[in-house]
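Have a look at the structure below, then the notes.
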Amino acid sequence: MDLRIAHLYPDLMGIYGDRGNVIALSQRARWRDIAVEVRAYTTGMTFDPDWPDLFFFGGGQDIGQDVVGADLQGPNGDAVRKAIAGGAAAFSVCGGYQLLGTEYLPEVGDPIPGLGVLDVHTKAGKQRFVGNLVAETPEGLLVGFENHSGRTYLGPRAVPLGAVVVGHGNNGEDHTEGAVQGKLVGTYSHGSCLPKNPWLADKLLTWALERRHGTVRLSPLEDREERLANEQAAAVARARP
Ligand code: GLN
């Protein structure tokens, strides 16, 4: 069995250690003797829609989102949509999350159109949401930290990834954090997110592997350190929200 990860715009959308999510996904697969190939999908190249099992789309500054948004308005956006329609999964953080949605409206300038594959829309607010983030989900606590001005609102085809326990989450109003729609996941959890949230990493790996390998049951890993990291991050966040 093998896994193909397309890392979207790692040169432009790679702040706050988000590349650690690709490392975590790759390592959790390799610990299960699954071969992994990671390819950068970025500006100046033509995306192959048939190759990826999973996209990772990290966070970035507004200027990076401008450039990426423009690139996604062309054939590369069509290729990502085609791959997702064909069963590829996607994990997105912050700016990448915003661009999987319909649009991101920055504080200054024109709206940045998104891919429209995730039923969310985002508009920048005056106050940045910066700090520890904890959300309750059916599979466990999501922990990380957030740094965004965007307020993201879910449409009817998306469901929240979790309910905010500490921090602001999607918009600081409806107490939701992140979004899930089919095999697509968006979150505001930087950190990077997946090393401290192994339950989410394995969910994404399962979805990604199913595209070419059918139903997959991942063997359990000895996640003692990951669970301790999750518990400690949650305890620190609760003590110092
Ligand atoms: N520029 C976007 C915002 O501030 C995304 C920032 C990020 O990816 N951390 O909401």
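Is it the case, given these coordinates, that Ala40 is outside any helix (DSSP H, G or I), of a type in the set (A, V, I, L, M, F, W, C), farther than 29 Å from Arg151 by Cβ and touching a residue at least 24 places away in the same chain (Cβ under 8 Å)?
Numbers: outside any helix (DSSP H, G or I): yes; of a type in the set (A, V, I, L, M, F, W, C): yes; farther than 29 Å from Arg151 by Cβ: yes; touching a residue at least 24 places away in the same chain (Cβ under 8 Å): yes.
When the stated conditions are applied, Ala40 passes them.
Mind checking which pairs have a first residue in segment 52-72 that is closer than 13 Å to Gly109 by Cβ and a second that is more than 15 Å from the ligand (Cβ to nearest atom) and assigned to a loop (DSSP other than H, G, I, E, B), Cβ under 7 Å, 6 or more apart or different chains?
Sorted first by the residue in segment 52-72, then by its partner, the pairs are Val67/Thr43.
Given (1) within 16 Å of the ligand (Cβ to nearest atom); (2) part of a loop (DSSP other than H, G, I, E, B), where does Arg157 come up short, assuming only one miss?
Every condition holds for Arg157 apart from (1).
This table checks each residue for (1) on the phi < 0 side of the Ramachandran plot; (2) crowded, with 20+ Cβ neighbours inside 10 Å.
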{"position": "His175", "(1), (2)": "no, no"}
{"position": "Gly186", "(1), (2)": "yes, yes"}
{"position": "Asn197", "(1), (2)": "yes, yes"}
{"position": "Leu204", "(1), (2)": "yes, yes"}
{"position": "Ala208", "(1), (2)": "yes, yes"}
{"position": "Arg217", "(1), (2)": "yes, no"}
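Which condition breaks for Met13 when tested against (1) within 13 Å of the ligand (Cβ to nearest atom); (2) touching a Lys or Arg at 6+ places or on another chain (Cβ under 7 Å)?
The single condition Met13 does not satisfy is (2).
For the condition closer than 23 Å to Gly116 by Cα and more than 17 Å from the chain's Cα centre (by Cα), what is the one hit in Arg217, Arg211, Arg240, Arg227? I'd like the intermediate steps shown before the answer.
Values: Arg217 fails: closer than 23 Å to Gly116 by Cα; Arg240 fails: closer than 23 Å to Gly116 by Cα; Arg227 fails: closer than 23 Å to Gly116 by Cα.
On inspection, the qualifying residue turns out to be Arg211.
Cβ-Cβ under 8 Å, sequence separation 6+ or interchain: first residue in segment 78-90 and more than 18 Å from Thr43 (Cβ to Cβ), partner crowded, with 22+ Cβ neighbours inside 10 Å and hydroxyl-bearing (Ser, Thr, Tyr). Which pairs?
If the second residue must be crowded, with 22+ Cβ neighbours inside 10 Å and hydroxyl-bearing (Ser, Thr, Tyr), no pairs are left.
Take the residues of segment 43-74 that are over 26 Å from Glu146 (Cβ atoms), charged (D, E, K, R) and surrounded by 13 or more Cβ atoms within 10 Å (Cβ to Cβ): which is farthest from the ligand (Cβ to nearest atom)?
Applying the filter and picking the extreme gives Asp48.
Restricting to segment 1-26, what's the tally of residues that are farther than 27 Å from Gly131 by Cα, crowded, with 16+ Cβ neighbours inside 10 Å and not small (Gly, Ala, Ser)?
Within segment 1-26, residues that are farther than 27 Å from Gly131 by Cα, crowded, with 16+ Cβ neighbours inside 10 Å and not small (Gly, Ala, Ser) number 3.
So, in segment 75-102, of the ones that are among the polar types (S, T, N, Q) and surrounded by fewer than 24 Cβ atoms within 10 Å (Cβ to Cβ), which residue ends up nearest to the ligand (Cβ to nearest atom)? Can you show your working first?
Going through segment 75-102, the residues among the polar types (S, T, N, Q) turn out to be 76, 92, 98, 102.
Adding the requirement that they be surrounded by fewer than 24 Cβ atoms within 10 Å (Cβ to Cβ) leaves 76, 102.
Details: Asn76: 19, Thr102: 15 Å.
Out of the qualifying residues, it is Thr102.
Has segment 105-119 got at least one residue that is within 26 Å of Ala237 (Cβ to Cβ) and not in a helix (DSSP H, G or I)? Explain how you work it out, then say what you get.
Within segment 105-119, the subset within 26 Å of Ala237 (Cβ to Cβ) is 118.
When the remaining residues are screened for being not in a helix (DSSP H, G or I), the result is 118.
Looking for residues that are within 26 Å of Ala237 (Cβ to Cβ) and not in a helix (DSSP H, G or I), one finds at least one in segment 105-119, hence yes.
Which residues, counting only those in segment 1-15, are farther than 9 Å from Arg39 by Cα and assigned to a strand (DSSP E or B)? Step through it out loud before you land on a result.
Pass one, segment 1-15, residues farther than 9 Å from Arg39 by Cα: 1-3, 9-15.
Within segment 1-15, Asp2, Leu3 meet the criteria.
Given the condition within 16 Å of the ligand (Cβ to nearest atom), touching a Gly at 6+ places or on another chain (Cβ under 6 Å) and modelled with pLDDT of 95 or more, answer yes or no: does some residue in segment 21-42 qualify?
no
Tell me, yes or no, whether segment 175-188 has at least one residue that is hydroxyl-bearing (Ser, Thr, Tyr), closer than 24 Å to Ala235 by Cβ, touching a strand residue (DSSP E or B) at 6+ places or on another chain (Cβ under 7 Å) and not in a strand (DSSP E or B). Explain how you work it out, then say what you get.
Within segment 175-188, the subset hydroxyl-bearing (Ser, Thr, Tyr) is 176, 187-188.
If we keep only those that are closer than 24 Å to Ala235 by Cβ as well, we get 176, 187-188.
Next cut, touching a strand residue (DSSP E or B) at 6+ places or on another chain (Cβ under 7 Å) only: 176, 187-188.
If we keep only those that are not in a strand (DSSP E or B) as well, we get 188.
Yes: one or more hits.
The rows are residues; the columns are (1) part of a helix (DSSP H, G or I); (2) under 25 Å from Ala83 (Cβ atoms); (3) within 14 Å of the ligand (Cβ to nearest atom); (4) among the polar types (S, T, N, Q).
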position	(1), (2), (3), (4)
Gly144	no, no, yes, no
Gly150	no, yes, yes, no
His168	no, no, yes, no
Asn171	no, no, yes, yes
Leu204	yes, yes, no, no
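Could you run through segment 166-186 and say how many residues are closer than 15 Å to Glu139 by Cα and in contact with an Asp or Glu (Cβ under 8 Å, 6 or more places away or on another chain)? Explain how you work it out, then say what you get.
The initial filter retains those residues of segment 166-186 that are closer than 15 Å to Glu139 by Cα, namely 177-180, 185.
Applying the additional criterion that residues be in contact with an Asp or Glu (Cβ under 8 Å, 6 or more places away or on another chain) yields 179.
Residues in segment 166-186 being closer than 15 Å to Glu139 by Cα and in contact with an Asp or Glu (Cβ under 8 Å, 6 or more places away or on another chain): 1 in total.
The values are calculated or read from the model by the stated rules, or taken from the named source; none is laboratory data. Remember, it's a predicted structure, so these values are computed and weren't measured experimentally. All Cβ positions, glycine included, derive from the backbone under ideal geometry; neighbour counts span all protein chains shown.
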